[in-house]
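What follows is a short report on a single structure.
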């Protein structure tokens, strides 16, 4: 009896194929604190906005409205909406010995060097409306010395030049002299006019008398 073994066989045994092991990386985990949390209501929104800023920045932001309020308060002391002293409307009629003072420049001179003067020009009836910064914006309350100036109206003379066909050989026209005031000289100076006005409130019927 003969026993045959496969050792001497010409057939080769099939090699064992090894499958490479593939490792799947797990996704990175995120910290719950880094996730964005959406506020649910206005109160949570306000809290999150507050926590977003450091303490120093929050203090600075809270100080801004107070600083603005202080600035607005410093501008007080009688300042108007245009940052100028408060004025009151002041108008009336100027007279000279009882008669209407027509076409006359009236000026209010403040007693203090820090005051604000006012002026106006009377119309044909002697009426005036005082103005400090603009034509008729009123007068800053205070005490004023008053002056008045009414200039004479001089007839204008025209000069004919030598190259003009109408030239008649007449000498050149002299320049007009300085206009004179029709009022006494004392009224032109607030120190000698003798007229003083104290403005405390609005007045539209004031009689400004020069005597």
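Summary table
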quantity	calculated
Tally of residues being under 17 Å from residue 195 (Cα atoms) and in contact (Cβ under 8 Å) with a residue 60 or more places away in the chain across the stretch 101-150	11
Single match in 135, 92, 115 (criterion: assigned to a strand (DSSP E or B) and either out of contact with any helix residue (DSSP H, G or I) (no Cβ under 8 Å at 6 or more places or on another chain) or crowded, with 16+ Cβ neighbours inside 10 Å (or both))	92
Residue in the stretch 67-75 that is more than 21 Å from residue 151 (Cα to Cα), surrounded by 11 or more Cβ atoms within 10 Å (Cβ to Cβ) and modelled with pLDDT under 95 present	no
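The values are calculated or read from the model by the stated rules, or taken from the named source; none is laboratory data. Just so you know, these numbers come straight off a predicted model, no measurement behind them. So basically every Cβ, Gly included, is an ideal-geometry build from the backbone, and we count neighbours across all protein chains shown.
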